Amino acid sequence: MTFAKASEIYTDILAQIATVEPRVAGAISQELADQRASLKLIASENYASLTTLLTMGNWLSDKYAEGTVGHRFYAGCQNIDVVESVAEEHARELFGAEHAYAQPHSGIDANLVAYWAILQHRIESPTLERLGAKTVNDLSEQDWEDLRREFNKQRVMGMSLDAGGHLTHGFRPNISGKMFQQHSYGTDPATGLIDYAALERDAKEFKPLIIVAGYSAYPRRVNFAKMKEIADSVGATLFVDMAHFAGLVAGKVFTGEEDPVPYADVVATTTHKSLRGPRGGLVMCKHEYADAVDKGCPMVLGGPLGHVMAAKAVALAEARQESFRVYAQNVADNAKALAEGLMRRGVNLVTGGTDNHLCLLDVQSFGLTGRQAESALLDSGIVTNRNSIPRDPNGAWYTSGVRIGTPALTSRGFGVDEFDRVAELIVQVLSATTPAPTSSGAPGKAKYVIADGVADRTKAECAELLDGFPLYPGLTL
Ligand code: DSN
């Protein structure tokens, strides 16, 4: 499809939406304008292809399809069967996975399916077998209570939130921290890196059912062979949440021991981050977990989104093209250039650099909280998100860090020179920002002042930089 054609299609679609609710048409148009005009550095965001975006707007959305391919609780699912099986085929081929499940609506849903499947396979199925029952409905009240107590005793070990883990890796306020007894592993205070020996010692003591590997804000690679060895040594299932770096796995930047798929029992991911697909989730697993994973809907998830699974199939097909490997390598090379550009200009990075798609800036040396830095950058046309750093003195709301990533601007065509300029612009803003004093005169954690003219100048410089890299070039909206 040509961009001229896409322009026509979108113009018609927006005009149609405006006849019903002009505010929604306006917000959709404005979002494109905003994304075009700013440096999108949120490490978990990207730009899907127009083909992927267009695939989502259709009537597959109108169909209920609980169950799995060829085994649905509703009639008339033949077309959903096609898109789901194509998405799962591409996922298996792209990642070399034994089994794939394309229904999760998001990353958190995918992680819940993974937990559910592990509990079912490791705890429920052997209990039913031992008791000679087919399903939990066949259990006596006493056996059912015993099984529920058994679930309650299960343990998970994941990376702590401030070391870069995710809420769903056993963080207490999250459902994962309530479903399981939980223990977090952190990073070495001196290096900021995962300390595998300490992790192994903790695992031997804690004896988790599940070890979760993966992260949202850790700027380094993980040795999944080592993780599997540790998990095996304590009889744990290795679950990898690769939502952030799935694109680097798909693009073969992470291979061998850095590729989680051959090592993990279960892998979950989102499809919209470095993988550049539609907003959604995906689970892959070894054959032995497949039956349990496939029951994700309706046991954990609501009805699958047929229109989004169709877009997942398209995006996964795109990720199998050679051009995606080039893209993924560029994401990693650009992150290195960005990190070097920042460090050369005096910025402290957690772990002293990156070897994936993201950098974590410690903004304390600017006298700022993460929240102030995030806001000052936003005022200047640079979109990032604040993030805790290990042992953060400012907690999870204000934080002392800013997380930045390269997937989105790499999709737009930025290379290492442009990312060096991005580093320059970030430092220009942070050096010109000071915390605004509170009523007591002490520096506050939320308000800030940017030196006169810096935000406007930076915005203009961002626009100039972006000018050479149009978003959806040729799409005249
Ligand atoms: N919200 C995602 C991120 O920004 O990393 C993870 O859920």
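We did not get these values from a lab; they are worked out from the coordinates using the rules stated. Bear in mind that the values here come from a model prediction, so they are computed numbers and not experimental data. Positions of Cβ are backbone-derived with ideal geometry, glycine not excepted, and every protein chain shown enters the neighbour counts.
Quick one: which helices (runs of 4 or more DSSP H) sit completely within the stretch 376-477 and have at least 2 residues that are among the polar types (S, T, N, Q) and crowded, with 18+ Cβ neighbours inside 10 Å?
Numbers: elements: 395-398, 407-411, 416-431, 454-467.
It comes to 407-411.
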Problem set entry | Residue check for A313: in contact (Cβ under 8 Å) with a residue 24 or more places away in the chain, more than 16 Å from the ligand (Cβ to nearest atom) and surrounded by fewer than 22 Cβ atoms within 10 Å (Cβ to Cβ) | no
Problem set entry | Among the candidates A15, A25, A4, A43, residue that is surrounded by 12 or more Cβ atoms within 10 Å (Cβ to Cβ) and away from the ligand (no atom under 16 Å from the Cβ) | A25
Exercise. In the stretch 175-186, is there at least one residue being within 16 Å of the ligand (Cβ to nearest atom) and surrounded by 17 or more Cβ atoms within 10 Å (Cβ to Cβ)?
Worked result: yes
Seminar exercise, completed: By my count, helices (runs of 4 or more DSSP H) wholly in the stretch 228-299 with at least 3 residues that are more than 26 Å from D202 (Cα to Cα), more than 16 Å from the ligand (Cβ to nearest atom) and not charged (D, E, K, R) are 287-294, 296-299
Exercise. Being over 21 Å from L193 (Cα atoms) and of a type in the set (G, A, S), is that true of even one residue in the stretch 390-398?
Worked result: no
